[in-house]
Amino acid sequence: RSSDLGRADGEAGHYCPNQDGCPPQIVGRLEHFVSRKAMNIDSLGSERLELLYRRGLVSDIADLYSLTREQLVGLESYGDDGQRRASIQEKGAAGILSAIEASRSVPFERVLYALGIRFVGETSARLLARHFTFLLHTLINLCFPNWSLLTSRRWKPIPLSKSFKASTYKGLISK
């Protein structure tokens, strides 16, 4: 389905408002999410993401974290010229799943950047992560004065700025 381009008042750039139904936008968001500066899932390039999208295995970032070896092994796509564009074999599937698992430990600022929130680039994501880390740390200390008892067997408070990893936000990106 085709959409007319939109433009917000005061902005020079145009954009497609059909975020949920435009395949190039969906794949583009996936490409941004897996990029080196975001979640750094280096085994998933644009051809493989396109293949996963076209096969119905991935339609949003949460789907990446549900992929299994069985779904990946043997996938192939061919171009109009009959040439194979992308394929995933045993070693490739292992690399993809390993890279996805490793992405669970990226810093929160990169998770924020990876989400592709409009007007939130790397610098804004870093500033927001610092702000929210401080805010959350303050709220936890106010609401749970004995937080240290809840966080470690050794009864030490955890430094939240170092504990904010992608795995902390598993609920955010899971369905």
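The numbers here are math on the coordinates, done by the rules we state, and not lab data. Owing to the predicted nature of the structure, the values given are computational and were not obtained by experimental measurement. A quick note on method: Cβ atoms are made from the backbone with ideal geometry, for glycine too, and the neighbour counts reach across all protein chains shown.
Points worth noting:
- Between Q89 and R118, the distance separating the two model label sites (each 7 Å from Cα on the Cα→Cβ line) works out to 4.4 nm.
- Coupling constants for region 69-80 follow from the phi torsions by the Karplus curve (6.51 cos²θ - 1.76 cosθ + 1.60, θ = phi - 60°), and in residue order they are 4, 4, 5, 8, 4, x, 5, 9, 9, 10, x, 4 Hz; glycine and proline get x.
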